[in-house]
Amino acid sequence: MTRPINFHELAKLSPEQRRKLQQRTETDLTDFEAKVRPIIQAVRNEGDEALARFARDFDKAPVKAGEIAATEADFAAAEKALDPNVREAMEFAAHSIRKFHEDQMPEEMWLHEVRPGAFAGDRSLPIPSVACYVPRGKGAFPSVALMTSIPAKVAGVKDVIIITPPGHNGKIDDATLVAARMAGVQGVYKAGGAQGIAAVAYGTQAVPKVAKVIGPGSPWVAAAKRLVSHVIDTGSPAGPSEVIIFADDTVDGALAGLDLLIEAEHGPDSSAYLVTWSRRVAEEALAAIPTYWAKMGEQRVSYSSTVLGGPIGGIVLARDEDDAIAFCNEYAAEHLEILAKEPFAYLGRITNAGEILLGEHTPTTLGNFVIGPNHVLPTSGWAKTASAVSVFDFLKRNSIAYVTSKGYPELARHAHALATYEGFEAHANAVSPLRDKILKR
């Protein structure tokens, strides 16, 4: 049974009611953090034994401590079992993802002359290791394996692994194993949820400790990332899915309703809004959504109905274009579609979004799978300051500077004045006549 779809008119809402529409599942992770702490401690203390126990308890998967790592037999069986059509689609997606991220790579080093005889620049190097988290709780997501591991490999990371929850049969999803090999990843481990994050933060008998973990996950995963962030780089926050479909009065509301369900079907903890100032568009979408539910399975209908009828989903009717844009920028959605005959007319005014998909032929589905830009995006409003996963998540920069003997005197004079003012005597001495005497020896 479906819930009634929320219909919010912003002009009739109080500031507090409007603020509540901006909340996400991850707004407060306090309760999750309390539950996650003992899981992390158990993994630190027991290693693979804890991973296997949590796989049995949480994933209902018959996993033993000696079976955490995928074997060559597992990879071979996955290659044999995978539907050729799915493999072809994955190869198509992998090509797009690889091409996009190769084009994104910065030059290895640059130096500019910032003053006569003084050069400064950056050098980009890959980070040493990374774990790509591939969720599985509400389905199987080989696309996440491709979106995270391919840019890591393009960036040149030496040690790339994948961690993912096992299925009820105790095995890793076939397509995820095939995706790993497409990306050039050798190590895949049955380590999902908070326990998986703990495993790569501290290391276990089977799972190596790595420098960074990246990828989307549940509030349990998000809470675990927060709690281990002092020992591992946890990347930009990527939690439950969220979308805004921004539609002007030039589009068919049925199309807006069709696209609204894309991210809403991910799970009951997703967030999804259609934002428009056209009552016609809003009412057409409202009427069309039940007809789409009639063509979907019970689980996905349940998920999307829960989202659209819950506290963080539905149809939002703004007062006007300015009000709609303001709502979108304040929300800072993970995914934002601009449905309009002239979508570029609005692009300049949308400042906060993980990704922006323009026009009637660019649904989130294409962005999620095959266009090439990364679908691992900041959630919970972090798109105000964070960006989509990219090669830059797998690179670090060294600042490089070089000063010639001709450029040194002027820089030294100004640096000496600042060092003296701030009271740093060794700093000042290092650019004083003391240095000149040593260099003349």
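Odds and ends about this structure:
- Remark: the chain carries a charge dipole of roughly 1560 debye about the Cα centre, counting +1 on each Lys and Arg Cβ and -1 on each Asp and Glu Cβ.
- Residue list for the range 364-392, given a label point 7 angstrom along the Cα-to-Cβ vector of Asp103 and an amide N cut-off under 13 Å: 371-374
- Overall form of the range 359-441 per C-alpha gyration tensor (a/c, 1.5; a/b vs b/c): prolate
- Per-selection Kirkwood Rh - the range 48-111 (Cα, Å, 1 d.p.): 15.6 Å
- Euclidean distance between Cα centres, the range 147-172 to the range 79-142, Å: 13 Å
- Using C-alpha pairs under 8 Å with a sequence gap of at least 6, the mean separation divided by the residue count of the range 228-300 gives a relative contact order of 35 percent.
- Kirkwood Rh in Å, taken over the chain so that all alpha-carbon pairs contribute: 24.0 Å
- Each residue of the range 30-145 gets 218 Å³ once the volume of the Cα convex hull is shared out per residue.
- ³J(HN,Hα), Karplus 6.51/-1.76/1.60, whole Hz, each residue of the range 54-66, x for Gly, Pro: 5, 4, 5, 6, 8, 9, 6, 10, x, 10, 9, 4, x
- The range 36-53 and the range 181-247 have their alpha-carbon centroids 15 Å apart.
- Across the range 402-411, coupling constants 3J(HN,Hα) worked out from phi with the 6.51/-1.76/1.60 Karplus curve, θ = phi - 60°, read 8, 10, 7, 4, 6, x, 5, x, 5, 5 Hz, and Gly and Pro carry x.
- Distance between the modelled labels on Asp252 and Asp322, one decimal in nanometres: 3.3 nm (7 Å Cα→Cβ projection).
- Farthest toward positive dipole pole in the chain [+1 Lys/Arg, -1 Asp/Glu at C-beta], among Ala345, Ser218, Ala426: Ala426
- Summarising the strand pairing of the chain, around 30 percent of its internal DSSP beta bridges are antiparallel.
- In order along the range 257-271, the Karplus-derived 3J(HN,Hα) couplings, from 6.51 cos²θ - 1.76 cosθ + 1.60 at θ = phi - 60°, round to x, 4, 6, 4, 7, 4, 7, 5, 7, 4, x, x, 9, 6, 10 Hz, and Gly and Pro are given as x.
- For the range 324-440, with all protein chains in place and a probe radius of 1.4 Å, 59% of the accessible heavy-atom surface sits on carbon or sulfur.
- Cα-based shape type of the range 139-240, given that a ≥ b ≥ c are square roots of the gyration tensor eigenvalues and the cut on a/c is 1.5: rounded
- For the range 236-315, the convex hull spanned by the alpha carbon atoms encloses 86 Å³ per residue.
- For the chain, the 222 nm mean residue ellipticity estimated from helices alone, with every DSSP H stretch of n ≥ 4 adding -39500 (n - 2.57) and the total spread over all residues, rounds to -13500 deg cm²/dmol.
- The range 93-203, Rg to Rh (Cα coordinates; Rh as Kirkwood inverse mean 1/r): 1.14
- Taking amide hydrogens as placed 1.01 Å from N in the peptide plane, the amide H of Glu242 sits under 5 Å from those of Ser271, Glu334, His335, each at least 5 positions away in sequence or on another chain.
- Given Lys209/Lys396; Lys99/Lys212; Lys99/Lys158; Lys60/Lys158; Lys60/Lys209, the pairs whose alpha carbons are separated by over 29 Å: Lys60/Lys158
The values are calculated or read from the model by the stated rules, or taken from the named source; none is laboratory data. The structure displayed is predicted, hence computed values, not measured ones. Heads up, the Cβs are rebuilt from the backbone with ideal geometry, glycines too, and the neighbour counts pull from every protein chain shown. Side chains are part of the model used for accessible areas, which takes the heavy atoms of the whole protein and leaves out ligands, DNA and RNA. Shrake-Rupley method; radii C 1.70, N 1.55, O 1.52, S 1.80 Å.
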